[in-house]
Number of protein chains: 2
Amino acid sequence: MSPGTRTSPPKQDRSRATRQRLLEAAVACLAEHGWAGSTVSVVAERAGVSRGAAQHHFPTREDLFTAAVEQVAEQRSAELRALAPAGEGTARTHAVVTELVDLYTGPLFRAALQLWVAASYEPQLGARVTVLESRIGRETHRMAVELLGADEAVPGVREVIQGFLDMGRGLGLANLLTDDSARRERVVAQWARILDEALGADGG
Amino acid sequence: MSPGTRTSPPKQDRSRATRQRLLEAAVACLAEHGWAGSTVSVVAERAGVSRGAAQHHFPTREDLFTAAVEQVAEQRSAELRALAPAGEGTARTHAVVTELVDLYTGPLFRAALQLWVAASYEPQLGARVTVLESRIGRETHRMAVELLGADEAVPGVREVIQGFLDMGRGLGLANLLTDDSARRERVVAQWARILDEALGADGG
């Protein structure tokens, strides 16, 4: 039978879709049941996948969650590389700040937060999360420097950018329980001005 | 028998100590087992308290966790009121920024983080956490304004302070998985300078 005459998706595609459902269920499960309650069986049930199929993809809980952590990291990197703020001068700084802060208030950062909190008490998860988080931190920093046109050779510029990204993470946290967008917009507007001055004054 | 001749602590004190052990165990349990796994029985076992005694203090899981959330909030308020930065001018700003950021990297903020993440998917916990978190947010803001001698009547000053406190929360998050103190010290030093200028320029 040629692929054209199939009525169900090819086996490989179905396998990929199953894997994907398991990874998404793993992150959601961790949030609700914590590490102790997030076994491969529980995740499989949530994903609507048989236990056998789940164990075929991920023999152990560590395999499953390592893959989930890696996928969230991968998606966050892709999100970061897709940034394309427009404008020049102060308007551009405002666009860059808005887009970077948006990364911290989206669903992927929320998923990452769940993983961090679980990783903070679960060493098996912690090692992988720490390595990947540090990689994403460096990528985000590099991207911020590039988009803001900042010169890191100038003393203090590195810390200005770092503090700003810490602020973004804090804004993401503030958005966890309530919709914080109105307040956030005002903070972003004011801090874009401060960043513009701080980089301008230090950098030129 | 007069209190002076007792060999064991008075009943009321023992009861208070039991309650305290249960509240501490509740926060730790939530981190490890998530909301679903944090029943009164599990918390009682962790605290080394009989199930009956635990249920005497907290008949339901909601009672137990509401009390835990309130206690963490109470302790964070007390920590805040105890701040006493010294110095004048730029040195004072640096001291204020350091002390406020320290609040976000201590064990109480870590406990609060666990509660937030659980509250983000557990509505019964969420309502109480949101109310208390918003109260602490206002208290912290008021204290920051007072300690920095900032004038909120000046446009932008409110958002400068808010963004700085968001940065503090982000620094707390960054400290969750690794000891981030060396980097944090440099960020704090740089942003204390920027805050000093932003408040000085806007405020006077």
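Summary of values
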{"quantity": "In the stretch A:54-77, the residues that are part of a loop (DSSP other than H, G, I, E, B) and of a type in the set (S, T, N, Q)", "calculated": "A:Thr60"}
{"quantity": "Tally of residues being touching a residue at least 24 places away in the same chain (Cβ under 8 Å), closer than 23 Å to B:Tyr121 by Cα and crowded, with 19+ Cβ neighbours inside 10 Å across the stretch B:27-65", "calculated": "10"}
{"quantity": "Filter result for A:Thr90 (part of a helix (DSSP H, G or I), under 28 Å from B:Ala189 (Cβ atoms), within 13 Å of chain B (Cβ to nearest Cβ) and not small (Gly, Ala, Ser))", "calculated": "no"}
{"quantity": "Where B:Arg169 falls short, out of the listed (1) more than 17 Å from B:Gly89 (Cα to Cα); (2) without any contact (Cβ under 8 Å) to a residue 12 or more places away in the chain; (3) among the charged types (D, E, K, R)", "calculated": "(2)"}
{"quantity": "Options B:Val97, B:Val131: the member that is over 24 Å from B:Ala174 (Cα atoms) and not charged (D, E, K, R)", "calculated": "B:Val131"}
{"quantity": "Matching option when the condition is facing chain A (nearest Cβ under 10 Å) and surrounded by 21 or more Cβ atoms within 10 Å (Cβ to Cβ), among B:Val96, B:Val129", "calculated": "B:Val129"}
{"quantity": "Residues of the stretch A:139-160 satisfying the condition of being free of Cβ contacts under 8 Å to residues at least 40 places away in the same chain, farther than 24 Å from A:Val187 by Cα and either within 12 Å of another protein chain (Cβ to nearest Cβ) or small (Gly, Ala, Ser) (or both)", "calculated": "A:Ala153"}
{"quantity": "Residues (basic (Lys, Arg) and either in contact (Cβ under 8 Å) with a residue 12 or more places away in the chain or closer than 19 Å to B:Leu64 by Cβ (or both)) located in the stretch B:127-138", "calculated": "B:Arg128, B:Arg135"}
{"quantity": "Which listed residue is among the acidic types (Asp, Glu) and surrounded by fewer than 16 Cβ atoms within 10 Å (Cβ to Cβ), from A:Asp151, A:Asp180, A:Asp166, A:Asp196", "calculated": "A:Asp151"}
{"quantity": "Subset of the stretch A:161-182 (residues that are more than 19 Å from A:Leu148 (Cα to Cα), part of a helix (DSSP H, G or I) and facing chain B (nearest Cβ under 7 Å))", "calculated": "A:Gly170, A:Leu171, A:Leu173, A:Ala174"}
{"quantity": "Residue check for A:Asp196: touching a His at 6+ places or on another chain (Cβ under 9 Å) and either hydrophobic (A, V, I, L, M, F, W, C) or more than 10 Å from chain B (Cβ to nearest Cβ) (or both)", "calculated": "yes"}
{"quantity": "Test: residue in the stretch B:108-126 that is more than 12 Å from the chain's Cα centre (by Cα), touching a residue at least 24 places away in the same chain (Cβ under 8 Å) and in a loop (DSSP other than H, G, I, E, B)", "calculated": "yes"}
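Conditions (1) surrounded by fewer than 18 Cβ atoms within 10 Å (Cβ to Cβ); (2) touching a helix residue (DSSP H, G or I) at 6+ places or on another chain (Cβ under 6 Å), marked per residue:
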residue: A:Pro85; (1), (2): yes, yes
residue: A:Gly89; (1), (2): yes, no
residue: A:Leu115; (1), (2): no, yes
residue: A:Ala118; (1), (2): no, yes
residue: A:Arg135; (1), (2): yes, no
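No value in this document is a laboratory result; all are computed from the given coordinates. These figures come from a predicted structure and were not determined experimentally. No Cβ is skipped: glycine too gets one built from the backbone with ideal geometry, and neighbour counts run over all protein chains shown.
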